[in-house]
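Structure record follows, encoded as structure tokens.
The values are calculated or read from the model by the stated rules, or taken from the named source; none is laboratory data. Given the structure is predicted, the values throughout are model-derived calculations rather than measurements. Positions of Cβ are generated from backbone atoms using ideal geometry, with glycine treated the same way; all protein chains shown enter the neighbour counts.
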Amino acid sequence: MKSFRPAFHALLVAALLAGCSSYRPAPAAFHEALDQPYRLGAGDRIRVTVFEQEGLTNTYSVDQSGYIAFPLVGAVPARGNTAQQIEATLAAKLRQGFLRDPDVSVEIDRYRPIFVMGEVGAAGQYSYVPGLTVQKAIAIAGGFSARANQANVDITRDINGKVMTGRVVTSDPLLPGDTIYVRERLF
């Protein structure tokens, strides 16, 4: 029986270490992205106002290719740009033979959705609102299931065109387009 005990302990330690090998702390870029200006992506909708130009003032969606279709000037790249960058781009394009001195304003009308998966009451796609945290998103998705690991979750986030996954606590803020995965607890 004594020779069995060290082998059992070694096996237990190996199993615990194997369970921890999938642990991925959130990369530094996760939290740095929260302090950066918001960058548009597919699924966002913006409100463009061109002063004294009713025909151009409207809401425009960023398509899957990352463009908005704007009257007179055609497709305008939006993915990865801030609202201020889109303002400047549209004003510059409108100055090229359409308007003498366009006054353009761009604001976010609707953010792209977030996705909540795993051990929650109602997994699915949900609207993003500024100030949304992991905990609030889980509450919107019906709360934790009985088997959920409530300590932390995995988030997949697109940062500057690179998709990253990291583990965060439930009080962490979310960004539009984030995917939250609530894992099952081990015990």
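Considering only residues in the stretch 25-84 that are at pLDDT 95 or above and in a helix (DSSP H, G or I), the one that is surrounded by the most Cβ atoms within 10 Å (Cβ to Cβ) turns out to be 83.
Across the stretch 141-187, the qualifying residues are those that are aliphatic (A, V, I, L, M) and surrounded by fewer than 16 Cβ atoms within 10 Å (Cβ to Cβ), and the one among them that is farthest from residue 121 (Cα to Cα) is 159.
Checked against (1) modelled with pLDDT of 95 or more; (2) not in a strand (DSSP E or B), residue 125 passes all but a single condition, namely (2).
If we keep just the residues of the stretch 85-122 that are assigned to a strand (DSSP E or B) and among the charged types (D, E, K, R), which is nearest to residue 165 (Cα to Cα)?
110
For the stretch 158-180, the set of residues classified as free of Cβ contacts under 8 Å to residues at least 60 places away in the same chain, in a strand (DSSP E or B) and more than 23 Å from residue 62 (Cα to Cα) consists of 169 only. If you scan the stretch 137-157, which residues turn out to be free of Cβ contacts under 8 Å to residues at least 24 places away in the same chain and in a helix (DSSP H, G or I)? Within the stretch 137-157, just 139 meets the criteria. When the stretch 57-112 is examined, which residues are found to be on the phi > 0 side of the Ramachandran plot and within 21 Å of the chain's Cα centre (by Cα)? 66, 80 - these are the residues of the stretch 57-112 that are on the phi > 0 side of the Ramachandran plot and within 21 Å of the chain's Cα centre (by Cα).
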